[in-house]
Structure formats: structure tokens, C-alpha cells
Amino acid sequence: MDAPEEPLPPVIYTMENKPIVTCAGDQNLFTSIYPTLSQQLPREPMEWRRSYGRAPKMIHLESNFVQFKEELLPKEGNKALLTFPFLHIYWTECCDTEVYKATVKDDLTKWQNVLKAYSSVDWLIVVVENDAKKKNKTNILPRASIVDKIRNDFCNKQSDRCVVLSDPLKDSSRTQESWNAFLTKLRTLLLMSFTKNLGKFEDDMRTLREKRTEPGWSFCEYFMVQVSVPPGALDCWVFLSCLEVLQRIEGCCDRAQIDSNIAHTVGLWSYATEKLKSLGYLCGLVSEKGPNSEDLNRTVDLLAGLGAERPETANTAQSPYKKLKEALSSVEAFEKHYLDLSHATIEMFTSIGRIRSAKLVGKDLAEFYMRKKSPQKAEMYLQGALKNYLAEGWALPITHTRKQLAECQKRLGQIENYLQTSSLLASDQHLTTDEREYFCREILSFASQQTDSPGHRVALPMHSFAQLRDLRFTPANAVVHVGGVLSVEITVCSQMPVPIHVEQIAIHVHFSIEKNSYRKTAEWLTKHKTANGVVNFPAEASPFPTSQSSLPALELYEMFERSPSDNSLNTTGIICKNVHMLLRRQESSTSLEASSGLALEDGAHVLRCAGVTLQPGPNTIVFRTQAREPGTYTLRQLCASLGPVWFVLPHIYPLVQYDVYSQEPQLLVEPLADSLLAGIPQKVKFTVTTGHYTVKNGDSLQLSNVDAMLILCPEENRAVIYSNTREKVSDALLRVQSSDKVTSISLPAAPTYHLIEFELEVLSLPSAPAAGGESTLLGVTEPHGKHKDTQKTGHCMATTDHKVSIDCPWSIYSTVIALTFSVPFRTTHSLLSSGTRKYVQVCVQNLSELDFQLSDSRLVDTHDSTDLRLIPLNTESEQCIHSRQAVFFVWELKWTQEPPPSLHCRFSTGFSPASEEQLSVSLKPYTYEFQVENFFTLYNVRAEISPPPGTEHCRTGSLCSLDVSITRLSDLLEVDKDEALMESDEYFSTKLMYEVVDNSSNWAVCGKSSGVISMPVTAQATHRVHMEVMPLFAGYLPLPDVRLFKYLPHHSAQSSQLDADSWIENDSLSVDKHVDDQLDSGSVKSRGSVHSAASSEHKGLPMPRLRALPPGQAFNSSAGTQVLVIPSKDDHVLEVSVT
Amino acid sequence: MAVCVAVIAKENYPLYIRSIPTENELKFHYMVHTSLDVVDEKISAMGKALVDQRELYLGLLYPTEDYKVYGYVTNSKVKFVMVVDSSNTALRDNEIRSMFRKLHNSYTDVMCNPFYNPGDRIQSRAFDGMVTSMMIQVC
């Protein structure tokens, strides 16, 4: 009774279910009054105050008056609402006390007892007064007395339970007044009873509902109470109400207003449609056969329940009432009205953009069409709804709609679509196992049918049937040689609920001949990091909207475009290779699930696997193929066939490829160690990659011999044959034969695409002038101070290359192989002097990682000068030289006559690896040739510092005297004959420059620190120089350096004109400075030229040149001497300016 | 209280949906899905004005014979839809609002979980428990 809270404008309600009122007592009296009563009762509305805070309603009361019978009274516990009598009225016309006492009172008592027995308290006694009757009787008591008697007898404290109705059939004001009072009373009581009983009913309902968790609760009982309202009546009422409201709105609005308010009215339309639908189902109007007799009875009841149409619409051509009546009258009429209503609703929903609602109404419509056996009409609506649910990813509606669609497609005979939908449903997790198995069987039974056309096949997308999980190649890098075997192992996850026997699973492969295919694949594999050659395929995210997942994934590739001339990068970018798939128009048609675009590629290359049973869940299938043509093979499609049903995965992504290559036979020669060492036997590995060439017995490698390199042939030498995957196959004895020119190696027989590996020992003979370049131009070794540097940087060994030409049996061309040998030693020499005694030192550095044993070291004079002797100072004949260490050898030079200007020496030492006990070959010694020039001492320089006169020691801050004496040790020699030599009257002199430098800043040289002297070229000629120096620190100080240079005129012609002394004196500072600054770097010779160049720019005058004396020619006899300097006693600060 | 609670992604697919009489799950799915029509309508009608007011509660979306469907939209356009029994007159607008707020808070907690990928189904036990409490609690 509680109307839904629709925006219903009517304030006054009529009752579609009239409450029952029983009548007892004088039936004739009631019959006479009934017409007036039934007409008058609903005339005035009553305010109905409802329980539970529901808003009060104005209501017109009507009643169904029936004769009182005991059976009508509800038994205890009856919960039906509408068959329940709400009020019991007793009618009497009695005005005679006698009669009252005789009959009426008894009758009333009996009636009251019955009511009490059923604990019914809703009753009323009506006493009808008739003036006419009154007049006829003589012994009339005042009328009040009968009423009073009744009230006294029955209405205990409820005097209002007895009312008087005066002259009901007359037309007088008194009658009218009496009627009004009676009707008001009646309405009040009726409503009271109604409210009370409804409240009780609702309480019962609530109690029942609350009890639903209790064990004995019966849903049926609850249901029976709930729907005690006769089924359909409510629906009729809702339908009529909706249409009434809509009609009212249409009546007072124009089209534009209606259109703008669709959002508010469409709810009513859809509600009305829904109600009409349920009425149609209720009355058996939605079935192929039409309503049966029971349905018809129900229809008749419903129509009768509607009552007569209200007079205000009765005469119009169309009214909701007429519409409903017509719709329920026949199957055809119902269909017409239902379709009209549905289409109007769908249209309205669509027009305001409520697509989902429109689809839902459409689905109801589809259901209707399915019931009416018109699946072709249903399909459109189902597809539309399904598309919507798929696009938004609503799993349960998808499953439900698909199930409906499957039924529809089955009826339509759309085999392909039905099978596809079935496969989707068979893999649907939201269905029960039974349902899934049912759809699976549908597919299987179709697949097992014999088709009329044997070539006919049904291609379905694979993803619902099975999903490709991963793929594994063996070999893992997916590269095989021609004739090799490749296996592809795939894991597919069967989505079917039962094991499926598949006749064949095939991978369609696209073949392309591409250059560099091997490299491309290798790159691809490393890029995709496919460990063990496994490619994983992304799992389909099925619960998400297909609008996202149905699109193929982007296939992106890097693109580099290089300039053809210098290979520099011009452009780079990313290319999408499947643009055509991504940018195609979204199909607006309904065939979302149709198997469009499932073209099977018919390629010549197919990998097949027959007779596979796919268990639910993951399955592993292995394909084997023997590689034939070289090129790149791309796996394109996966296809599983069950009779005429083919499940096709149209696009395998990510891209999976394997490569077949054909390889030319190859020979690779490489040293076993990082580098080969010269002079000792070294192992070299030969690798023959057979490629497509079969190595037969008798095939051999012919090596042309090189003079400086020997190929050693050990007796036991084995060659090992490996397969292409580096598995050892066999080994065989290697036969090596050497003649003068050629070394021949017989190869063991080996099949194609195998490797033959063997090792040979080679020996590079040290070439004679191994270190010829080492001897410097002037025969001067590097200065001692620089020795360390060269040791540090001189890490790399000198190398020699040997080229070997090899003839291979598979080619008419020779293969030339270069082997680089490193010399393990570096040797340097130096000349040492002690006065006029001379020593030659040879330093041998071992640069290799090996330890060597040196033996039999010698130094010989290659010119074999008779008066020259080399006396070894080395005691041990054998010496071990460890890795990265050096060994020094010293010889003293002795001569009897004038020493030669230069000495040519050859150092040689035998060496062998210290670790190896025995060597099969005798090794040649290591030699080093060098030249020493100008080794004879010409000058002796001696410096001496003496304390100031009168003091015992030098003191800091006090001037001391430095005496330098330069002594010529020999007469004119061959080496003196140069530009600086001057001759006058057989008297020879040469110009020398001396220079006192103290690099350690221990001394301040005061005054001139350098000068040029003219030195007579005579033995024992001595030049003394005196200068003053001041010690800056206390302690034992080394003496300042005294250096000697040869002073060469710029040009011999100009030398006489130039007063070099005066020039130097004029510009002494500048010379000093230059020399000081640059002493450490470069040769003195070059220093001199720098100096002269710089000065000549100033002066525009040619400059003399300076040349350092070779260390062998000048001997500093005071080198290493120290002078004791004691600190000054004065505390005051000493200021010294040093220039 | 609530008979069905749903969280729907910006793209309109369900992130979470649960209804209490599980036999009728499908009906509620359809109901919630259809209610998105009204949600969309309300969001677009709301326009800028209400966005500025930060009004997330959409109110009653539509009534059916037996249920009332309420909506709520977060700032990230995630929608909450709640279905309550029509007969439950104790549930006023304020109660519904507070239930949505509770739902929103719990949803925010889910989003704060660093292991949750936005857009994935909500499988949080805490969220589930909160929804259960909203469904069982009888007013």
C-alpha cells in the first residue's frame, strides 16, 4: 500500500483494493440502504494518518460489503491483508422493546460472541429509524430507549459503537445530517481498523523478516505474506499511474518542454515498460504458444480488478486504462504496446545519453524476442549491450549477456559466432564448471561433425581457447646452421575446463632472406635479455576493458640513419611497425566478437605438432625442425585445429625470430697466452670451423715456413673435434710433417658445422739487431736521473711480426696469418767513469710475466780493437731474472794506447724460462748491440769551499770562498777537433763555459756564477776560478754543481769578431736565468739554440752556442763532497736577496 | 544498511563491487552499471560550479522499486555507488554521506599502499572489512 515515492502529483488516492466490511442483522434493511451507502462512502476524502512517521494522505474510502459469516473471520495467525474483514456492522430497524428483547438482543449477543471469539474489536451497530414505522406502532417507546438499551447491553464504555441513521431513504435535511454523521463515523472506524491491521500486518512482516536468520524460518511463508496482494494488481496500478502522470505532463507541456525534461520523465517510461513486461510474463503473453487457461483466468481477474474506467477518461479514444486493457487482451496487442513502449524508452534514453540504461532496456527487449522465437531481432540488442559491457569491463554482465547471445546465435545458426562465443564462455571463470563444460562440449561436438564441404574451416581467435605463455628455442640463441636441428618449445595455457585433443598445432613462419641476420638476432636476443632463449608473452589482462587490451601492443623499433659518407648519425627515431593495426578505424558495427581479420597465412614454412592433448592449464609443446634455407624466420601465427575448427593466434607478439645461416669454413689461429714471447717456444691454437665443408681424411693445412719462426712438432699432439655447440665429439692424433719450405698438418675427418681444435708450438728466433735503436746517436746513455722514468713507462715490449701463409683444403686462396711476438727483455747500457777509468754497465729488464734464467752473459767489442780489453766484474755465470725485474752487468774498459773515439759492443746472454726444466730445442741467446762514444775523460773539475779566513767552519750567512779548478787531462786528441778548437802557433786552446748552479738552494752564489774560459789543450793545464758563496742553511751541505759546456762560436767566421766575454758580462742575468730554468729538460744543445734565438731577436746579433760536454769527458772529482756549515750565532734575521 | 557497494574506475570499469545477497549479484552489477549513466549526467551537469565547492556527493541517483542508488565521485573521477534498501527509512542523506566519506577514506588508504597499482582491482582486506561493516551494520 505504500506507494513508491515517484513524483506523483495527485494528492488524493483511491483504493484499488476495497477493504471488506461484513454486514449482519437485518439483511433487507441493508439491501435497501446499500446503494446510497456505497455511493456516499467514497464521496468525501479522509485524512489517513499513518504509522512510522509516514506522511498523512488524503484518501477516498470504499468498501466491499459482504454478508457476515463466521468463516470470513480470520483465524489466529492469519496474515493475509486483503481477504481480511476490517469492519463488522450490525444493522437493525428495531424500535419495539418487545421485539428487541425477544429476538434482536439474542441475535446481537450471538454476533458479539462470534466476534469476541475471533478477538475482533472492529464493529459497529447501526440503528435505522423510520418515522413511518414509528407512527404505525402504538406502544412506541421513545427511540432513544432502544439505542440506549443497545448501548447499555453491548457498548461497554464505547457508546460511539452504536449509531443512529434516521430516515435514510428520505430526502430531508435531517436525513442528510444523519447520513453525514454516520458516514464520518464509518470512515473513521474503517480507517482506524485499516491502520491498526496494516500496522499489525507490517509488524508481522517485519517480525518474519527479522526471523530469517532463525532456523525454522520459511521463505515460502514470508513470500506468501508478502505477495498476498494479488500478483499483478500492483503492477497494473504502477503502470497506470506512470502513464497517467506522463499523459498529464504531455497534456500541459509543448514538445520542446517535454524534450527538455526527458531526463525526468524517462524513469517513468522505463518503469511503465518494466511493469508492462512483467504483466505480460504473468499473463502468458510472452510466449510462443500464447497464454494457457490459467494465464487467461489471471488476466480476467486482473482486468476485473481494474474495475470500470473512470468517467472522465471513459470517452476519450486513448487512455492509460484503455491501453492496459488492450495490451492484456491479446498476444499481438501486448507485443505492439510493449515494443512501442520499449522503443520509445530506448530512444529517450539514447537521446539524453543514458546509453547504459538504453542497453539494459534493449536487453529486456532481446529477452522478449528470444521468448517470441525471433532471435534475429534479439541479436542486435544483445550485441549492443555486450559491446558496451566489454568496453567498460563489467565481467558479470559480459558473461550473462554472452550466454544469452550464445543461445541467440545458436538459434540463428551462426555457427562461427556461436563457436566463438562458446569458446569464450567455456573459458569464462564466472561460470560454473558445468556451464563451462557444456559450452566446451558444444565446440567439440561441432568439431567432430562430418562437414559436407571438407575444405570448410571455421577460424576462431585463439585467446579464449588457449594462451601462449612462453617460447623457448634450443639452441638458446635461436641461430642454427643449414641442416641443423632447431627445437621450439612453447607453453600454452589451455582455457578449456576439460582436456582437449587437438589434431594439430602449427606455427606459421615467415621466411625472409636478410643479410646480417645473425647479428640482428644476436642483438635482439641481448636486447630482450632472453635468458636461455626464453621469450615470455604478456598475459592478457582479461578483466580490464577490451578497449584497452584488444588493441595490439605497439611494436616499436629504434631507427638510426647514418650519413653514407662518414657514417655519422643523421637522424634517429622510433618506428612503430604495426601502425596499420593501431590506426585502423574502430569497427562501429556490432560484430565486436566476430572473427574478422583472422586470415590464415598460407606460407610454405609451417612448424607442426600433431595429436596433442591440451590439459586445462599450462601445456608444453615441442616443435622440431631441420633448418634448410639460410635466412630469418619470423614466427607469425599459432594455430590449433580441431576438425574444421581452427583456433588462430593471428599475431605472435613480441616478435620471435630464428635464423638459419650457412657458414664458410674458417681457420682461426690465435695465441694461447695474451701475447707470444719471442725466443722461447709458444703455444698457438688452431681452430678450424668447418661450416658447410666436410673435412675428409687426407685434408691438410699447408703452412709456408718463415725463416725467423720455427714450427715445433711435438710427438703426441691431438686434435679435438667439437660440435657447433661446443660439445666435444671426438679427438684424433694430429700428424705434422715439416719439410724445408712447408709444414703440413693433416686434419682429422670432421662433419660440417663442427670445430677442429689443436695446438702447435712456435718459436720466434730473436732477430740479430734486437735493440739497435737503443744506442743513442752520440753513444750517450740516458742521464742517470731519467732512468726511473723509462722503467715506468717502458712497459710495452718490442714486437716482431711473422706472417704465415696457410693453404686450406677448402679454398684455392691462401690464408695469411700474422703472429706478433714480443721481446721479453729491454736492455739499456751506460758508461760509468771514475777519473779516467771507464766502466760499461748493461741493464737487462724482464718485461714479461715469466721468470728467466740468464746464463753465459758476455760483452764483446765487435771492432775487435787489439788494445782494448773488457774485463767482466760479474761473478756469477747464471742468474735468475724475475718477472718485472732487472739485472745489471758491469765491465771495466781497459786500453793501452790512445783510446778509440768510439766503442762498438755486443752484449749477449743465453736465456730460458726458469720454470721449465728441459726444452726440446736449443734456444738462441739474446743479443744487444750498442756503441759508446767519447768515453775518454778530458777534464777534471774540482770544487772546494773554504770558510772565511780566520774561521774554522763555514757559518750560515757569512761569505765563503768557492774555488773551482778545471784540469785538462790529456793532450790533443781526435775528439777535440771541432769548431771550438783554436790554433795559434801550434798551441791549441778550446773555449769552455763553466757554470755554478745550486739547485737545492743551499747556497747563494754571489756575483758572477758563470764564465767562459779559454782552455789550453795540453795535459795538466789548469784553470782556476774563484767566487763567493754564502751558505743558507746549517749542516753538511753538498757543494753546488759545477757544469762545463763547450762554447761554440755561432759561425766560425764571426767568432773572432765577437767579444763573447763582454757580451756575457753585459747580459749575465739573462743567461743565468735561462740556463737555470731549462737545465733539466732537453739537451743542452737545444737549450743553447733556444737561448740564442730568443736573444737574437732582441739584439739582432748572432749568438754563440753551448754544448754540454759528454759525461764521459768531464769528471767531477768533488762530486758527493759535503761541507760542514754551522749556524750563525747571531739571532737577528738575515735577509738575503737571491737573484 | 547498504546492500551493494561499488568502486568504479575513471574509465568506468569496476575496481570493486560487492553485494550482500550474493545470489543477486548480477542484478546489482546491472544496477550499478546503469547508474553510471546518471553519475555521468550529474558530473557533467555539476560542471565547474560544484567542482570548486568540492562537493563529491552526488546524492540519490535513482530509486527503483526496492532500492535506492546513491553516488559519489572523487576528485580523480573514481566513482562510488551504493545501493540501499528502499524500506530502510532510517538512512537519511547524512548517513549516506558519512558512509561515502568512510568509503572514500578507506579507498584513499588503498591508494596509499605502495604495492597497489592504481587501476587494479581492489583486493585490500582492510577495505573489504570496512565495506562488510557498512553492509552488516543495521540502523
Work out from phi, with θ = phi - 60° and the Karplus expression 6.51 cos²θ - 1.76 cosθ + 1.60, the ³J(HN,Hα) of each residue of segment A:284-297, listed in order in whole Hz, and give x for Gly and Pro. x, 8, 10, 8, 5, 7, x, x, 8, 5, 5, 4, 4, 4
Summarise the partner chain shielding of A:356-363 as one whole number: the mean count of Cβ atoms from other chains within 10 Å of each residue's Cβ. 4
Could you rank the peptides A:890-899, A:1108-1117 by their average count of other C-beta atoms within 10 Å per residue, with the highest value first? A:1108-1117, A:890-899
Contour minus end-to-end for A:Ala749 and A:Asp674, with contour as 0.36 nm per residue of separation and end-to-end as the Cα-Cα distance? 24.0 nm
Estimated FRET transfer efficiency when R0 is 35 angstrom, pair B:Asn105-A:His264 (beta carbons, to 0.05): 0.55
In this model, which of A:Lys101/A:Lys157; A:Lys359/A:Lys403; A:Lys277/A:Lys322; A:Lys403/B:Lys42 are farther than 23 Å apart at the alpha-carbon? A:Lys403/B:Lys42
Once you list every other residue whose beta carbon is under 14 Å from the beta carbon of B:Arg121, what net charge do they have if Lys and Arg are +1 and Asp and Glu are -1? -1
Which whole-Hz ³J(HN,Hα) couplings does segment A:488-505 yield from phi under the Karplus relation 6.51 cos²θ - 1.76 cosθ + 1.60, θ = phi - 60°, glycine and proline marked x? 10, 10, 10, 10, 10, 9, 6, 9, 7, x, 10, x, 10, 8, 9, 5, 7, 10
Going by average Cβ neighbours within 10 Å, how do the peptides A:311-324, A:375-388, A:180-193 rank, with the highest at the top? A:375-388, A:180-193, A:311-324
Per-residue mean of C-beta atoms belonging to partner chains within 10 Å, peptide B:34-40: 6
Would you mind putting A:645-655, A:930-940 in packing order, based on average other-beta-carbon counts within 10 Å, highest first? A:930-940, A:645-655
Under 5 Å between amide hydrogens, which residues at least 5 positions from A:Asp971 or on another chain qualify, with H placed 1.01 Å from N in the peptide plane? A:Ala1019
Amide H neighbours of A:Met496 at under 5 Å, excluding residues fewer than 5 places away on the same chain, with H built from the backbone geometry, are A:Gly617
Residues meeting the amide H criterion for A:Gln879 (H placed from the backbone, H to H distance under 5 Å, 5 or more places apart or on another chain) are A:Leu854, A:Ser855
Averaged across A:961-973, how many Cβ atoms of other chains sit within 10 Å of each residue's Cβ atom? 0
Could you run the Karplus curve 6.51 cos²θ - 1.76 cosθ + 1.60 with θ = phi - 60° over segment A:108-123 and give me ³J(HN,Hα) per residue in whole Hz, x for Gly and Pro? 4, 4, 4, 4, 5, 4, 4, 4, 4, 4, 9, 6, 9, 10, 9, 9
State the answer as a single residue: which of A:Tyr321, A:Pro291, A:Leu365 lies farthest towards the positive end of the charge dipole of segment A:229-448, with beta carbon charges of +1 for Lys and Arg and -1 for Asp and Glu, about the Cα centre. A:Leu365
Take the alpha carbon gyration tensor of segment B:2-136, find the square roots of its eigenvalues, order them as a ≥ b ≥ c, and report rounded if a/c is under 1.5; if not, report prolate when a/b exceeds b/c, else oblate. rounded
From a point 7 Å beyond the Cα of A:Ser512 in the direction of its Cβ, which residues of segment A:629-645 have a backbone N at a distance under 19 Å? A:629-638
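Each value in this text was obtained by applying a stated rule to the coordinates, not by laboratory testing. Bear in mind the structure is a predicted one, so any value in this text is a computation, not a measurement. Every residue, glycine as well, gets a Cβ built from its backbone with ideal geometry; the counts of neighbours run over all protein chains shown.
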